[in-house]
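**Student:** Sharing a structure with you now.
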Amino acid sequence: MRKYHFLIALLVVALDRVTKIAISRHLSLHDSVTVIPGFFRIIHAENPGAAFGIFADSPSEWKISLLIGFSIIALLIVSALLWKNSHRLTSTGIGLSLILGGAIGNLWDRLVSRHVVDFLLFYIGPHQWPAFNVADSAIVVGAGLLVFEIVFTKSPSQQSA
């Protein structure tokens, strides 16, 4: 089953790379295309910070190095958990695979260009969610699957009761 988990991660990385390259080639920085008026736009934004623009305005020269270091540590932990728990195709394994692929996608950007390309922007009137990308989406969905598993799946001792 491990090959399926790592294939999921690889597919996330591939989709993330293809979409970021397409946005970078076809939209100038800060340009946008309205998809659903008043709700959704495709934009070209570059985020030098962490998820959702956290630390983006930080002048610290160590910011990128710290983000890369934390990403590598997270990759190692997620990879180890995935390797240990990948005997069956479960929501936990799929969640970890999505997180792994998303983390690799964003780490790739940080290593190559020192920023992450974001392009999905949802908004209602003046209120908007921070722009994000395929890698961010995979990480959030993967984390959601893990939370769902923790909250709603019964432990073996509860199942036998």
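Please treat every number below as a calculation from the coordinates, not as lab data. These numbers come from a predicted model, not from an experiment. Please note: Cβ atoms are built from the backbone with ideal geometry, for glycine as well, and neighbour counts cover all protein chains shown.
**Student:** Need the full-extension length gain, Ala22 to Lys3, defined as separation in residues times 0.36 nm minus the C-alpha distance. One decimal, nm.
**Tutor:** This chain segment gains 4.0 nm when fully extended.
**Student:** What is the chain's relative contact order, in percent, from Cα pairs under 8 angstrom and six or more apart in sequence?
**Tutor:** It rounds to 32 percent for the chain.
**Student:** Let me ask something additional. Using the beta-carbon distance between Leu66 and Ser113 and R0 = 22 Å, what value does 1/(1 + (r/R0)^6) give for FRET efficiency, to the nearest 0.05?
**Tutor:** Efficiency, rounded to the nearest 0.05: 0.85.
**Student:** Mind giving me the nanometre distance, one decimal, between the label points for Phe152 and Ser91, set 7 Å out from Cα along Cα→Cβ?
**Tutor:** 0.5
**Student:** When the chain is fully extended, how far beyond the present Cα-Cα distance does Ile73 get from Trp129, taking 0.36 nm per residue of separation?
**Tutor:** Roughly 17.4 nm would be gained on extension.
**Student:** Could I ask something else about it? So how strong a dipole does the chain carry about its Cα centre when Lys and Arg Cβ are +1 and Asp and Glu Cβ are -1, to the nearest 20 debye?
**Tutor:** Computed about the Cα centre, the dipole is about 580 debye.
**Student:** Percentage of Cα-Cα pair distances in the stretch 2-152 greater than 18 Å, rounded to whole percent?
**Tutor:** Result: 60 percent of Cα pairs exceed 18 Å.
**Student:** Can you show me the helix-derived [θ] at 222 nm for the chain, built from DSSP H runs with n ≥ 4 at -39,500 (n - 2.57) apiece and divided by the number of residues, rounded to the nearest 500.
**Tutor:** My calculation for the chain gives -19500 deg cm²/dmol from helical runs alone.
**Student:** Can you sort Lys20, Lys84 from fewest to most other Cβ atoms within 10 Å of each residue's own Cβ?
**Tutor:** Fewest-to-most ranking of Lys20, Lys84: Lys84, Lys20.
**Student:** Counting only other residues whose beta carbon sits under 15 Å from that of Trp129, what net charge do I get with K and R as +1, D and E as -1?
**Tutor:** Net of charged neighbours comes to -1.
**Student:** Then there is this: Provide the per-residue ³J(HN,Hα) series for the stretch 128-144, in order, calculated from phi with Karplus coefficients 6.51, -1.76, 1.60 and θ = phi - 60°, each as a whole number of Hz, with x at glycine and proline positions.
**Tutor:** Rounded to whole hertz, the list is 9, 7, x, 4, 8, 9, 4, 4, 4, 4, 5, 5, 5, 5, x, 5, x.
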